[in-house]
């Protein structure tokens, strides 16, 4: 969100709250649309929240390559082995 959007949006929220406080409600179609948007955002947020906690399946992680057989165990690999 950029500043231009916030300059318009924040006062609009206050004006809408004032109208609701005074008992002036929008038509039912506006309330229905707002409810649909709120439900969609809730579903999207819940799906993102559940996806964030999920770990990758065991088969999807690439296995580490086996060490080269020419190097002695514990010895560092030669630079040429990693280039080929």
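Every number in this text was worked out from the coordinates using simple rules, so none of it is lab data. Here the structure is a predicted model, which is why all the values come from computation and not from measurement. Here the Cβ positions follow ideal geometry from the backbone for every residue, glycine too, while neighbour counts run over all protein chains shown.
At full extension, residue 21 and residue 51 could sit 7.0 nm farther apart than now, given 0.36 nm per residue minus the alpha carbon distance. A Förster radius of 22 Å, combined with the Cβ-Cβ distance separating residue 7 from residue 42, puts the computed FRET efficiency at roughly 0.20.
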